[in-house]
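Read the structure below first, then the notes.
A short reminder: the numbers here are calculations on the coordinates, not readings from a lab. Note that this is a predicted model, so its numbers are computed, not measured. Glycine also receives a Cβ, built like all others from the backbone with ideal geometry; neighbour counts cover every protein chain displayed.
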Amino acid sequence: MAQIWKTRPTPEQMNQFNKNGIDGHIGIEFTEVGDDYLIAKMPVDHRTKQPMGKLHGGANVVLAETLGSVASVLCLEDMSKQTVVGVEVNANHLRSASSGYVHGKVTPIKLGRRFQIWEINIHDDEGRHTCVSRITIAVIDKD
């Protein structure tokens with residue numbers, strides 16, 4: 001697929017953007033920008049585990065929504081006039097993780113003028129599929 005980004009920052013720039021938001025608090029780090037995908041990793045540690053010692057499903061959703069939202073912003077024609085908001089996100093948890101990192105990759109399903117749909121596949125350090133998620137994003141005009 002051809003380059004889809006209207007703005008193409010480095011992973012370092014994306015990591016600085018929301019370092020004080022939930023992304024930074026739970027340790028999400030962008031690691032790669034491709035022509036039509038982004039990759040980020042998230043630690044499986046005390047910040048992201050549930051009481052039974054496994055990765056919390058909600059942490060998967062935060063990683064997925066972070067990837068989908070950032071990807072959507074990078075596809076905006078004019079960031080001074082438009083912004084994005086999540087409309088729906090779902091996640092199917094396929095296997096648990098209890099240590100290391102999980103790695104999410106977001107790719108577009110549909111890039112429309114008013115709606116975008118993204119798929120996020122999450123894998124553990126061994127490459128095992130742990131979660132699949134889909135997010136629908138609305139592109140709205142700023143007031």
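The lysines whose alpha-carbon is closer than 27 Å to the alpha-carbon of Lys49, local same-chain residues fewer than 8 away aside, are Lys19, Lys41, Lys105. For the chain, the longest principal axis of the alpha carbon atoms and the long axis of helix 57-74 meet at an angle near 20°.
The aspartates and glutamates whose alpha-carbon is closer than 18 Å to the alpha-carbon of Lys6, local same-chain residues fewer than 8 away aside, are Glu32, Asp35, Asp36, Glu77, Asp78, Asp141.
Once the Cβ-Cβ distance of Asn90 and Asp143 is raised to the sixth power relative to R0 = 30 Å, the FRET efficiency obtained is 0.55. Residue-normalised convex hull volume from the C-alpha trace of the chain: 109 Å³ per residue.
Sort out for me the Cα centre separation of segment 98-143 from segment 78-97, rounded to whole Å. Their Cα centres are 6 Å away from one another.
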